[in-house]
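What follows is a set of notes on a single structure, which appears directly below.
The values are calculated or read from the model by the stated rules, or taken from the named source; none is laboratory data. Computed from a predicted model, the values in this text were never measured in an experiment. Virtual Cβ from ideal backbone geometry, glycine too; neighbours counted across all protein chains shown. Note: accessible area is taken over every heavy atom of the protein model, side chains too, but ligands, DNA and RNA are not part of it. Shrake-Rupley method; radii C 1.70, N 1.55, O 1.52, S 1.80 Å.
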Amino acid sequence: MYWRDEYERKVTTARRAISQVKRGRTIFIGTGCGHPQELTDELIENSESLADNSIINPFSFSAGPFSEKRLEDSFRLNSFHLGTEIEEAMRLGRADYTPLHMSEIPRLIEDDRIPIDVALIMVSPPDMHGYCSFGVSVDITKTATESAELVIAEVNRQMPRTLGDCFIHISEIDHIIEVDYPIAHDLFLENARDEVINTIAEQVASLVDDGATLQIGMGMIPNAVPRFLMDRKDLGVHTEMFSDGIIELVEKGIINGKRKTLNPEKVVASFCIGTERLMEFVDNNPMLEFHPSSYTNDPRVIGNQYKMVAINSAPAVDLTGQVTADRMSVPYASSPGGQEDFIRGASYSKKGRSILALPSTTIDGNHSRILPSLPAGAGVSSTREDVHYVVTEYGIAQLRGKTIVQRALELINIAHPSFRNELLDAAKELNFLPEYQSSLPYRGKVYPREFEYWETFDGREALVRPIRPSDERLLRELFYSFSDKTTYQRFMSLNPRVTRTERLKLINLDYDEQMAFGVFILDGEREELVAISHWHKDVKTNTAEVSFIVNDDWQGKGLGRYLLNVMILAGRKNRIKAFTAETLVNNTGMLKLFYSTGLNVKAELRDDIYSIYFELEKEKE
């Protein structure tokens, strides 16, 4: 039969099509922007003739009325997405939630572990060969449709025709309802202010290198990240979903997929959500490929991408790095979707990174999103072993390869200042931190992120920043790297005993009376501390004693001078009157360093030791 004749024969009304649905059947309803509204409305209208029908609606913009009491004898909702309405329906015994990785769902459907009797879907109009596209919602819809005994499709004139593994022939559809209504939908509003979202997004973007392949998760924070990637080159996209945020990057050639390992020069996704502009962008766009979740979310596929960067948001993270995406017992939370698939896949990727971004508090400021431990009943959506970075508006916590002590300190450092002391006390009570861990960094000034600088020394990229409590291991490695000469010049002893207690004094800072800066050389994920400067302020005289030490291999490359200039800048901001120092008479390099400042340096020699004094505001006369 010629496909056009078959098409015309199958066109019917929503009422007639829904009348074919029998009692006790499992009904799959299309997802996201591909949700078939007219068919869903008619299904509800016809509820009195139905009974004991299971509704599988993996993801939509609302739970709809299926969990309402008036429909409880007709329908029972089984959702793979846990939201406010679903949680309430579960409490009342009118709905179920099935926790699954998105990558697993297609296989469970194919194996009949999740049987599908009826599929209600939305597709694009057919092409000249009789093939309709699943459009912007391929995800698990294609697999569910292929497994269903009865397929009823809305053919929507406004559904974009997307390309990839996303087509269904007219012969595979049992009933067709022609519709014409818009499907565009803005992303959900985030529980955060715009300035917080932008601050977080900018910091996330700093972790994205040229040539990276991106997964951009659901939410306003991930969708804001592309705005801060305008200076990158040759980015790729392999993601579960995307929104309007990537359009400009594609149009400017920043996203071109040239360095992708799989599907080069293609943006690969399983669904998208966004405005009318996005719908026009994806329509018949040969650069875009839409695939089922069984491919896009497969951690093995994701892990084969070079420099895979997974960017997701999360409701809460505990002090060991465990992440929850459940709503249960956590204010303002949501469900994980395909997040863990990409976090795990990014961990397999060569030079891959997994990033969790979240505001430090809930929108009302009453709850910290960084928790001592996850609440009872909250599922662990991402394990502490898989998360590489956590980002809030207060900074970036790098967790991969870190001890529990280091993780707790990193995460407390990016928590909201109002909750840091509370988190520190809880961490001690939970034995994450020793009792002697100082609270000094959390009761003084907030970590001064304005003194973070990216520089290049001897052709190597370096981050110059204030020292944090979690830097203790790097400081230990630095101390044991010194030659006898460097050790003697710094400590005035050939064999100083620098204990952990002594090192802790250099990292537990209030960023006021005590301040320290380090130069960190970066090699992929690895950091090496190669130089450190420190001051200790005398509050009576408002002067600060300063000290410097540089790894032997990095001496003579400008690190000491750079650190001194940063110290002077920070000292002036902290209204310190003058710096003092002591240096051996034969340490001519340190003397030259102080005189290079252009300030009025005074040096007094006593017993082979120079006592240095210079005011920060007075230039040399």
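The table below gives the values:
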item: Normalised contact order of the chain, rounded percent, pairs of Cα under 8 Å and 6 or more residues apart; result: 8
item: Surface per residue (accessible, 1.4 Å probe) for the chain, Å²; result: 43
item: Read-out semi-axes √(5λ) of the Cα gyration tensor in Å, derived from the coordinates shown; its label in (1) 54, 29, 22; (2) 44, 28, 24; (3) 59, 25, 18; result: (3)
item: Computed lengthening from Ser611 to Arg500, 0.36 nm per intervening residue step minus Cα-Cα distance; result: 37.2 nm
item: Computed [θ] at 222 nm, helices only, for the chain once each DSSP H run of length n ≥ 4 contributes -39500 (n - 2.57); result: -7000 deg cm²/dmol
item: Estimated FRET transfer efficiency when R0 is 41 angstrom, pair Tyr348-Ala603 (beta carbons, to 0.05); result: 0.10
item: Candidate lysines - alpha carbon under 27 Å from Lys602, same-chain residues fewer than 8 apart omitted; result: Lys485, Lys537, Lys540, Lys557, Lys573, Lys577, Lys592, Lys618, Lys620
item: Residues Glu195 and Asn284, FRET efficiency given R0 of 35 Å [Cβ-Cβ distance, rounded to 0.05]; result: 0.40
item: Accessible surface of segment 115-254, 1.4 Å probe, proportion on carbon and sulfur as whole %; result: 46
item: Gained length - Asp458 relative to Lys573, 0.36 nm times residue gap less alpha-carbon distance; result: 38.5 nm
item: Formal net charge of residues neighbouring Asp318 (Cβ-Cβ distance under 11 Å; K, R +1; D, E -1); result: +3
item: Fully extended contour minus Cα-Cα distance, from Lys233 to Glu276, at 0.36 nm per residue; result: 12.7 nm
item: Antiparallel %, DSSP beta bridges [both residues in the chain], to 5; result: 50
item: Asn431/Glu202 FRET efficiency (R0 60 Å; Cβ-Cβ; nearest 0.05); result: 0.95
item: Simple label model, 7 Å out from Cα along Cβ direction - Arg300 to Arg400, nm; result: 2.2
item: Label-point separation, Glu6 to Ser438 (7 Å along Cα→Cβ), nm; result: 7.6
item: Surface accessible to a 1.4 Å probe, Thr26 within the full protein complex, Å²; result: 20
item: Sequence-distant aspartates and glutamates (8 or more away, or on other chains) whose Cα lies within less than 15 Å of Lys10; result: Glu154, Glu172, Asp174, Glu178
item: Spatially proximal lysines relative to Lys258 (Cα-Cα < 29 Å; intrachain offsets below 8 disregarded); result: Lys142, Lys233, Lys266, Lys307, Lys350, Lys351
item: Euclidean distance of C-alpha centroids, segment 361-423 and segment 1-72, integer Å; result: 42
item: Fraction of accessible area attributable to carbon and sulfur, segment 1-67 (%, probe 1.4 Å); result: 40
item: Gyration tensor verdict on segment 359-444 (Cα atoms; rounded if a/c is under 1.5, prolate if a/b is larger than b/c, oblate otherwise); result: rounded
